[in-house]
Amino acid sequence: MSGLLRRCLIIWMILALFALAASSTLFAASGGSVDVRLPQGKPPIASQGQDLGSLPDSTPIKVAVILRLRNEQGLKSLITAQNTPGSVSYQKFLTPEQFVDAYAPSRKDYDAVVNFLSENGFAIQTTSNRQLVIATADTAAAGHAFHTQLHRYRYQGKEAYANATAPQVPAALSGIIKGVQGLDSRKLKSFLKRKPTIGAAPQAASPPGYTPAQIETAYDYPALHGVNGAGRTIAVATFADYNDADVQTFETWFGYSPASLSRIVVDSNPGTTYGADETTMDIEWST
């Protein structure tokens, strides 16, 4: 081997070692893993709104980290079988404990997500079904944890905030975490339309709008065929609370006996007042 060739080989080996060392340093700095973008991307607030600058670092942010279920395809098949007459699983529904044992994220995966959030400065609230981790931190910690920045935006005529880029999580958690809600301030779209009131409206002599009897006729309710649901318990699953006084007014106005209602709070969340009107209507028309 000539001297020139030998020197070139030595230089190449030195450069290769430097590249390897730099790569190892970057790998270690990221905690031994790379980060993966979540498929949810960035919300319309950020992609369509006018950027007004960064959200103050001290702004509190509450997120819900959603974990993937185990054996989702198996769960879909079970649901189909539970609703197929003649199937051995027809109407054989799982208890909450059976569902957790068969399909909820494993305890190991759930703890890994909790530890990740705790190490990044979040206050943690766990859930019994291991599908969500509720976490609270300030904007600076949230942005650092998910490798994004939270900005203020002018969106649809109002000021809101959102993550400026798609959130990222460590590669080791990318197959566990399905998404993160709460990095933006968008609200669920409400289809409730209110008619503006000008001045004091007189008390109506009869109920406004359609009566329950008219709705039953229009939609051919089972009550018309001798089925009235007596003795059955109905659950209205919703993110919002309801208005007790409105329900009582509805029952009085249409001559219904007071329904026995109870609030079942899930994971210490009493529900929001935003959307309470729609929840109230769901309850009223369920009685």
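The values are calculated or read from the model by the stated rules, or taken from the named source; none is laboratory data. Model, not experiment: these values are computed from the prediction. For neighbour counting, all protein chains shown are included, and Cβ atoms are generated from backbone atoms with ideal geometry for every residue, glycine included. Accessible surface areas use protein heavy atoms only, side chains included; no ligands, DNA or RNA. Shrake-Rupley method; radii C 1.70, N 1.55, O 1.52, S 1.80 Å.
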Enumeration of residues in the stretch 237-255 that are among the aliphatic types (A, V, I, L, M) and modelled with pLDDT of 85 or more: A245, V247
Unmet requirement for R154, which otherwise passes all of (1) crowded, with 16+ Cβ neighbours inside 10 Å; (2) out of contact with any helix residue (DSSP H, G or I) (no Cβ under 9 Å at 6 or more places or on another chain); (3) under 22 Å from S47 (Cβ atoms): (1)
Among residues of the stretch 118-143, those that are under 17 Å from D57 (Cα atoms) and either in contact with a Gly (Cβ under 8 Å, 6 or more places away or on another chain) or in a strand (DSSP E or B) (or both), counted: 6
Residue list for the stretch 42-90, filter: on the phi > 0 side of the Ramachandran plot and modelled with pLDDT of 95 or more: G53
Criterion: open to solvent by 80 Å² or more (accessible area, probe 1.4 Å) and β-branched (V, I, T) - qualifying residue of T127, T80, T139, T165: T80
Count - residues of the stretch 41-65 that are among the aliphatic types (A, V, I, L, M) and surrounded by fewer than 16 Cβ atoms within 10 Å (Cβ to Cβ): 1
A205 vs. criteria assigned to a loop (DSSP other than H, G, I, E, B) and at pLDDT 60 or above: no
Which numbered condition P105 misses (of (1) open to solvent by 50 Å² or more (accessible area, probe 1.4 Å); (2) touching a residue at least 60 places away in the same chain (Cβ under 8 Å)): (1)
Restricting the stretch 108-121 to residues that are of a type outside the set (D, E) and without any contact (Cβ under 8 Å) to a residue 24 or more places away in the chain, the residue that is nearest to L69 (Cα to Cα): K108
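Could you say which residue among A166, A171, A160, A218 is at pLDDT 80 or above, more than 19 Å from the chain's Cα centre (by Cα) and more than 30 Å from T252 (Cβ to Cβ)?
On inspection, the qualifying residue turns out to be A171.
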